[in-house]
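No lab work stands behind these numbers, since they all come straight from the coordinates. None of the values given here were measured: they were computed from a predicted structure. Note that we place each Cβ from the backbone using ideal geometry, even for glycine, and neighbour counts take in every protein chain shown.
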Amino acid sequence: MLETTALPRKATLSPPLDTRHQVETPEGIDLPLRPAGLMVRAVAFSIDLALRGLILGLLFIVLAFLGKLGAGLGSILLFIVSWWYMVLFEVLNQGRSPGKQCMGLRVVQDDGTPIGWSASLLRNLLRFVDMLPFGYFLGAISCLQHPTFKRLGDLAAGTLVIYREHPLTRPQLPDVEPRRPAVPLTLVEQRAILGFAERQRELSEARINELASILAQPLHLPASGSVVELNAIARGLLGPA
Amino acid sequence: MKQSLFESRHKAEWERFSLTLDSLERGRKTSRTGSFPGDYRRLCCQLALAQERGYSSFLIDSLQQQVLRGHQQLYRHRSQLGANALGFILADFPRLVRAQWRFVLAASLLFFGSLIGFALLVYLFPDLVYNLIPVEQVSQMQSMYDPDGGHLGRSAERAASEDWVMFGYYIMHNIGIAFQTFASGVLFGLGSAFFLVYNGLMIGAVAGHLTQIGYGQTFWSFVIGHGAFELTAIALAGAAGLQLGWALIAPGRLPRVEALRLAARKSVLLICGVMLFLLIAAFIEAYWSSMTAPAPTTKYLVGALLWMLVALYLLFAGRTRHAPE
């Protein structure tokens with residue numbers, strides 16, 4: 001995992017390899033947000049579209065029994081569902097319309113704060129332009145060429161569609177005797193070793209050995225048994241050695 | 001300090017913070033809101049320490065998640081809407097319209113210019129109307145405003161439910177048009193200009209044609225009341241759209257995206273006022289304009305009053321600073 005930490009002071013941050021978007025908070029913390037791309041947003045929109053169709057269908061069946069009053073209510077409901085469905089869900093449900101909720105997305109402001117009424121109204125009004133000339137053509141182009149995948153509505157409203165964070169589970173480190181490293185470690189090396197130990201459960205045997213041999217060389221570890229050595233160092237970094 | 005020591009030292013604190021976050025996110029009140037900013041900043045400090053000391057990704061990532069959640073609770077964009085709706089209606093909206101007078105003027109010229117111009121043209125050269133509107137629609141329009149047909153004269157026997165139908169229809173149709181006029185302004189203002197001129201031409205054609213064939217009385221007495229709010233609202237929506245477009249054409253010293261964002265923040269307020277206008281217009285259209293009991297003179301009088309009201313409101317409301325409070 002690429003980190004922008006532990007760089008010498010005044011060094012410029014290198015742009016991350018993935019599409020993470022760093023937001024600096026007033027406390028001087030860089031919060032990484034993960035913007036969602038075109039495909040997953042398109043799927044989320046399709047779900048919303050289907051759901052809206054379903055709601056309208058059901059309502060019209062019910063309203064058909066009410067006659068004239070139903071027709072009046074029907075057009076108001078059509079208006080609300082077609083223009084306000086997204087706005088209401090985004091503002092009242094922490095930036096998540098049902099489709100976005102299904103796909104694990106949410107809308108936030110550029111600076112990571114929750115979306116408000118005016119921003120949400122704006123981004124959903126400009127959806128009309130994103131849909132021009134047909135099938136989200138302009139929106140898709142804008143989304144594909146923007147580093148954080150914004151469509152025109154997002155650009156004007158200053159909003160961002162991001163992946164929601166999932167709670168993490170604590171990784172189990174291999175059970176070995178902790179020890180000190182033979183050479184002093186830089187912070188990057190330290191993080192690499194810890195990352196190696198934490199992610200070991202998810203990797204195959206061959207891959208573990210391959211990674212260990214890469215790490216072994218700068219740390220002056222013997223080639224054979226370097227996996228155990230690395231795990232021991234990781235343990236040592238975490239707790240008493 | 002080793003990571004395990006660091007974790008065990010702050011663990012209780014993090015768990016407490018997480019509980020506070022949970023209840024804040026659900027909108028419940030907690031006793032710990034007072035100390036929340038302090039707790040949040042201490043967490044930020046701990047995250048910075050953890051990063052600086054090269055602790056493991058699991059710890060840093062989970063701290064980052066907590067900080068993000070805390071950030072979303074602590075920092076919010078204060079909503080300019082909703083907070084004081086009354087202040088907005090009484091002062092801020094007309095003030096905003098006056099502040100944007102250039103766009104309002106441009107949009108009004110486009111809209112009312114094409115409306116009046118084309119109405120006069122159609123009045124003088126009656127065949128022009130068929131260039132714009134298909135024959136069937138024209139005849140449908142004619143039967144609607146036919147003084148003898150009485151389609152508008154649903155007068156006494158017209159049920160309240162029918163008013164409802166029209167109210168709903170007007171809301172949907174008109175606010176939809178206003179939204180389109182606004183949103184398409186982001187295409188360098190061209191979309192807004194198009195919708196302004198197009199709607200102006202359509203309305204102008206209908207008005208000119210109906211007056212020319214002698215249905216003027218029914219038509220004008222019907223539209224004059226709600227027109228005050230409806231036509232002004234369309235022009236204002238166009239002005240908001242033109243403002244978006246102008247931010248892209250001439251962003252000044254800002255990057256275009258930034259200029260667009262700032263312009264959009266203002267214009268969305270205009271749109272809120274437009275929606276209010278259109279709600280009023282739909283109400284008048286469904287419940288007053290469709291009444292046939294009052295004599296046309298009364299309708300003209302009320303219509304003129306409404307136009308004056310709109311003009312006075314936009315020109316003078318909120319001139320004194322603390323009037324609304």
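A compact table of results
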| quantity | calculated |
| --- | --- |
| Interchain or long-range residues, amide H under 5 Å from A:Leu105's placed H | A:Arg164 |
| Karplus (6.51, -1.76, 1.60) ³J(HN,Hα), θ = phi - 60°, over region B:56-67, in Hz, Gly and Pro reported as x | 6, 4, 4, 4, 5, 5, 6, 5, 4, 4, 4, 5 |
| Packing-based exposure ordering (other Cβ within 10 Å, fewest first) of B:Ile213, A:Ile162, B:Ile133 | B:Ile213, B:Ile133, A:Ile162 |
| Mean separation of Cα contacts under 8 Å (6+ apart) over length of region A:187-238, as relative contact order % | 45 percent |
| Partners for A:Lys150 among lysines (Cα-Cα distance below 26 Å; same-chain residues under 8 apart left out) | A:Lys100, B:Lys266 |
